[in-house]
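Please read the structure below before turning to the comments.
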Amino acid sequence: MGCIEVAGRLWNGRRAAVSIADGVVAGGGLEGCRRYVFDRRHLVLPGAVDMHVHFRDWGLRHKEDMSSASLAALQGGVVAVGDMPNTVPHIRDAGLAKKRWDAGSSLPVEYRLYMGVPEDPEEVAKARPYVVGVKAYPADIERYGWDHVVETLAMANRLGLLAVVHCEEPGAMAEGPNESELLCAHELVRWAVARGIRVHLTHVSDPRTVELVQAYRPMITLDVTPHHLLLSREECVARHGRGPCYVRPPLRSREDRKRLFQSLLLGMVDAVATDHAPHGRDEKASDDPPPGICGINVALFLLLDLVRRGLMGLHDVVRLYSSRPRGLMGLRLGLEEGSPAGLAVVELVPGRVDPATFSGSCRFSPLEGLPTYGRARLVATPRSVYVDGEVVPYDGP
Ligand code: DOR
Ligand code: ZN
């Protein structure tokens with residue numbers, strides 16, 4: 001058996017020691033554990049849970065692979081991720097879901113997977129052991145039509161899985177701010193109400209979408225990304241150029257970004273998720289850049305800077321980027337005795353996003369230069385401990 005003991009100031013202000021034996025939080029009284037003691041410049045938090053990431057690999061290894069993506073997550077204090085199915089090949093059946101799940105189960109970070117919309121909704125039942133949800137893309141709505149997509153989401157619901165939707169009007173993929181997300185959300189709300197299904201809207205970018213779904217929460221839940229909260233399209237493109245700022249859904253105007261941010265502060269949002277989407281530097285600099293921004297390495301510290309500036313409380317950060325997404329994905333993980341470990345010790349130092357220091361394959365991000373507060377010193381997951389950049393097993397040295 002291997003165990004560690006982490007002593008320091010908890011996020012609720014108490015000083016405490018947390019013992020973890022072979023990845024499970026223990027009641028204390030363990031002998032011979034490796035001991036890590038952190039002073040008052042550090043904070044012991046429930047580890048971050050990022051419910052929307054792209055770990056790539058397979059046919060997209062040139063963008064990122066699963067083990068290096070895990071290091072990016074750990075650097076960001078993230079203990080668990082929900083990975084998206086738009087891999088190459090796209091995961092739409094139980095066979096591929098199992099293959100991906102198997103690959104994920106040996107990673108140092110706790111790995112969960114969403115499957116794509118299959119030809120036959122019954123396939124979701126077969127993939128049930130390997131997935132936490134189904135993810136529908138605009139291309140699925142275009143390919144299968146709303147009826148089929150809604151049938152699949154309803155099937156996910158019946159199986160106790162999350163039904164996640166990237167809402168943009170199929171075919172209306174204009175790059176700049178547009179009505180496409182709001183139009184899709186109207187349609188989805190109509191279906192959800194008519195069929196009585198629970199749906200999670202991911203990376204909501206338009207404050208009007210957030211406002212629209214308020215009346216339907218918690219039947220409809222939603223997450224927002226750090227880039228939609230912190231970057232406006234005008235400012236991003238002026239600083240970084242078009243390619244690095246191109247993402248689906250698109251970055252919005254300065255006014256819309258502010259309104260989205262306000263909605264977060266007002267408690268209108270369930271979760272923050274990064275939609276960490278690495279691409280090659282050359283691809284992003286090309287005339288036809290792929291959409292996507294990476295940021296799992298720093299999301300927690302961008303949020304902690306908002307706490308430092310008095311814009312939100314620490315409990316809001318824990319709710320938005322740990323406990324609520326954890327609950328939505330149906331994970332058991334945290335600091336409570338008996339639960340699989342999910343803990344991050346953050347050293348509270350001011351800084352700025354510097355993608356050159358990112359672990360993983362992402363070396364550039366338009367989040368560059370934004371203020372951060374903190375860096376991860378120790379991250380404990382059910383399988384391993386990450387200490388100052390190194391992953392060690394529980395029974396390690
Ligand atoms: O910007 C995006 N990037 N939006 C998506 O929906 C997909 C993602 C990716 O996989 O790169
Ligand atoms: Zn995504």
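We did not get these values from a lab; they are worked out from the coordinates using the rules stated. None of the values given here were measured: they were computed from a predicted structure. A quick note on method: Cβ atoms are made from the backbone with ideal geometry, for glycine too, and the neighbour counts reach across all protein chains shown.
Worth a mention:
- Farthest toward the positive end of the dipole of the chain, out of Thr221, Ile4, Leu71, is the Cα of Ile4, where the dipole comes from beta carbon charges about the Cα centre.
- With coordinates expressed along the principal axes, the C-alpha atoms belonging to region 148-270 extend over 46, 32, 21 Å, beginning with the largest.
- Förster radius 41 Å - calculated FRET efficiency between Glu175 and Glu336, Cβ distance, rounded to 0.05: 0.35
- Loop-located GluC sites (Glu not before Pro) in region 1-92 (DSSP state other than H, G, I, E, B) with a sparse environment of at most 16 neighbouring Cβ atoms within 10 Å: Glu31.
- Euclidean distance of C-alpha centroids, region 263-282 and region 349-397, integer Å: 18
- For trypsin sites (Lys or Arg not before Pro), the sites in region 287-319 that DSSP calls loop and that have at most 12 other Cβ atoms within 10 Å are Arg309.
- Bridging of Lys284 to lysines at a Cα separation below 21 Å is possible for Lys63, once same-chain residues fewer than 8 apart are set aside.
- In Hz, Karplus ³J(HN,Hα) per residue of region 375-384 (6.51, -1.76, 1.60; θ = phi - 60°; x = Gly, Pro): 8, 7, 9, 9, 10, 10, 10, x, 10, 7
- Percent of C-alpha pairs per 5 Å bin, region 287-392, short to long: 2, 11, 17, 21, 21, 16, 7, 3, 1, 0, 0
- P(r) tail fraction, the chain - alpha-carbon pairs more than 29 Å apart, %: 40
- On full extension, the segment bounded by Leu348 and Ala17 gains 117.3 nm, given 0.36 nm per residue less the C-alpha separation.
- Only Lys, Arg (+1) and Asp, Glu (-1) charged, at Cβ; the chain dipole about Cα centre in debye: 1060
- Taking a Cβ cut-off of under 12 Å around Leu153, the surrounding Lys, Arg, Asp and Glu residues balance to a net charge of +1, with basic ones at +1 and acidic ones at -1.
- Contour excess over end-to-end distance, with Cα ends at Lys99 and Arg158 and 0.36 nm allotted per residue: 18.9 nm
- Per the Debye formula on identical point scatterers at the alpha carbon atoms of region 209-359, with no solvent, log10 I(q)/I(0) at q = 0.11, 0.16 Å⁻¹ is -0.49, -1.02.
- Our note on the geometry: Cα centres of region 29-55 and region 107-178, 32 Å apart.
- As a calculated quantity, the FRET efficiency between Trp146 and Val88 at R0 = 25 Å, using C-beta atoms, amounts to about 0.45.
- In region 274-336, inverting the average of 1/r over every pair of distinct C-alpha atoms gives 14.0 Å as the Kirkwood radius.
- Contact order for region 195-339, expressed relative to its length and based on alpha carbon pairs under 8 Å spaced 6+ residues apart, stands at 23 percent.
- Simple label model, 7 Å out from Cα along Cβ direction - Leu183 to Leu265, nm: 3.3
- Gained length - Asp395 relative to Arg35, 0.36 nm times residue gap less alpha-carbon distance: 128.3 nm
- Loop-resident sites, region 288-362, for GluC sites (Glu not before Pro), counting at most 13 other Cβ within 10 Å (DSSP): Glu336, Glu337
- Under Karplus coefficients 6.51, -1.76 and 1.60, residue-wise ³J(HN,Hα) of region 51-65 in Hz, glycine/proline x: 7, 8, 9, 10, 8, 6, 6, 6, x, 10, 4, 5, 8, 4, 10
- Pairs of alpha carbons in region 28-182 separated by more than 29 Å make up 30% of all such pairs.
- Efficiency of FRET between Leu311 and Ala285 - r from beta-carbon atoms, R0 30 angstrom, step 0.05: 0.35
- Helix-only [θ]222 nm of the chain, DSSP H runs n ≥ 4, -39500 (n - 2.57) each, per residue, nearest 500: -8500 deg cm²/dmol
- P(r) weight above 19 Å for region 1-98, C-alpha pairs, percent: 58
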